[in-house]
Amino acid sequence: MTVVERFGHLDAAWLQDVLPNGDATVSSVAVEPVAFAGATTDMARLRVAYDGEAGQPASFVAKLRGTRDVQRQMDQAMALFAREARFYETFAGDVPVRTPRCWFAGDGDTTPLLLEDLDGNRMGDQMEGMTLADAQVTLDALADLHAAFWESEALGEDWIASPAEGVFAAMIGQLVGSGAAPLAARYADDAPADVLAAIVDRAPTWTAVLGRLVEGPQTLIHNDVRLDNLFFLDAGEPCLIDWQLVGRSRGTQDVGNLLAGSMDGDLLSTHWEPLLRRYHDRLVANGVSGYGFDECVEHYRQSVVYPLGAGMALLGEMDIGDGRGLGDRMVRRCLRHVAELESFDLL
């Protein structure tokens, strides 16, 4: 199904109904492909023309549930579209980080999430790797987010999942269980033998590993923070997109996911500790107490194991589309960092 076929029913009359009342009338809607793809969603740009002074955006990004088998299976198992819609309806106005504005939250089948179009801003490229400056401002934003929801009662909402519970843990455990031995064979010449052995040894009980990775003070996490899910606005401000996995865990879940999966090895080896110190200092400045830097370091050293699951998904079992070779890049970055930090010794 082409982009036009998938989104062509979103015409001027529909858009006129869902946009806030204004002085202008929507005269036409043109459907265009976007430069980036969602792993579990179909996406398009809606280019809009108005009669009169609009005061409304000239374009939007629309997201519907994906139509490929693996996309449908993932969404059915983890309620990904519904979770992102709930985030925009419930939390987006309260989080102290920049997110795309949501103009309309549809059912995901025929009516989309209608989001702010960030075209024209700099889009992160995870293959290229994260710069130190981008890492610094993104960690500042994550510290602000985590501090705002530190041990918050709002985390009790039943749709805010923990990565160590339910279908999240089961799916990640399945991915690692099926992918550990192939990963060890593929990277036998590129990663320390003891790290690969630890992955294979822990794979059958990976859900227990996930349980260790969520221990500590709980907060609201994006849960898929990586360079491909970031735009950088005019002043360098990061804007986090794709909130389908939003959940609750400790803050280093986001920090480890970002750095271990997005920053190249030499840069990360040199700067991970100053970056983590910057993150922790900002937590404290935002009022977080009772969480020392040594504990933060221990949690981070454990949390950098988590991106291995996403890397394994991209490498094969789920076939969610990796024409760029991102899975290999993520796994190599993560394996190196896990080895340097002796992460499995803490698990």
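The values are calculated or read from the model by the stated rules, or taken from the named source; none is laboratory data. Remember, predicted model here, so these are calculated numbers, not experimental data. When we count neighbours, we look across all protein chains shown, and the Cβ atoms used for this are built from the backbone with ideal geometry, even at glycine. Only protein heavy atoms, including side chains, enter the accessible area calculation; ligands, DNA and RNA are left aside. Shrake-Rupley method; radii C 1.70, N 1.55, O 1.52, S 1.80 Å.
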In a shell of Cβ-Cβ distance under 12 Å around Ser152, excluding Ser152 itself, what net charge do Lys and Arg (+1) and Asp and Glu (-1) give?
-3
Per DSSP H run of at least 4 residues, take -39500 (n - 2.57); add these up for the chain, divide by its residues and hand me the 222 nm value, nearest 500 deg cm²/dmol.
-14000 deg cm²/dmol
For Ser59, residues with placed amide H under 5 Å, excluding near neighbours
Val48
Charges only on Cβ, +1 for Lys and Arg, -1 for Asp and Glu: so what's the dipole of region 57-152 about the Cα centre, in debye to the nearest 20?
260 debye
In terms of modelled amide H atoms, which long-range or inter-chain residues lie less than 5 Å from the amide H of Ile221?
Gly247, Arg248, Ser249
Only Cα pairs under 8 Å and at least 6 apart count here; give the relative contact order of region 169-229 as a rounded whole percent.
41 percent
Distance cut-off 26 Å, percentage of C-alpha pairs in region 225-347 lying past it:
22 percent
Please turn the phi angles of region 304-309 into ³J(HN,Hα) values with the Karplus equation 6.51 cos²θ - 1.76 cosθ + 1.60 (θ = phi - 60°), one per residue in order, whole Hz, x for glycine and proline.
5, 6, 4, x, 4, x
Rounded to the nearest percent, how much of the accessible area of the chain (1.4 Å probe, protein heavy atoms only) is carbon and sulfur?
47 percent
What dipole magnitude, in Debye to the nearest 20, does region 1-92 give about its Cα centre under +1 on Lys/Arg Cβ and -1 on Asp/Glu Cβ?
460 debye
Averaging sequence separations of C-alpha pairs under 8 Å and six or more residues apart, then dividing by the length of region 1-133, give the relative contact order as a whole percent.
19 percent
So Ala77 and Phe293, fully extended at 0.36 nm per residue minus their Cα-Cα distance, gain in nm 74.1 nm
Using Cα pairs closer than 8 Å and at least 6 residues apart in sequence, work out the relative contact order for the chain, in percent.
17 percent
Hull surface divided by four, with the convex hull built on the Cα atoms of the chain: how many nm²?
17.1 nm²
By average Cβ neighbour count within 10 Å, what is the ranking of 215-221, 306-312 from highest down?
306-312, 215-221
Using per-residue counts of other Cβ atoms within 10 Å, averaged over each peptide, order 241-247, 151-157, 39-45 from highest down.
241-247, 39-45, 151-157
Between Arg332 and Ala193, what is 0.36 nm times their sequence separation minus the Cα-Cα distance? Round to one decimal in nm.
48.7 nm
Between Ala35 and Glu153, the FRET efficiency computed from the C-beta separation at R0 = 45 Å comes out, to the nearest 0.05, as 0.70
Rolling a 1.4 angstrom probe over the protein heavy atoms, how many square angstrom per residue are accessible across the chain?
42 Å²
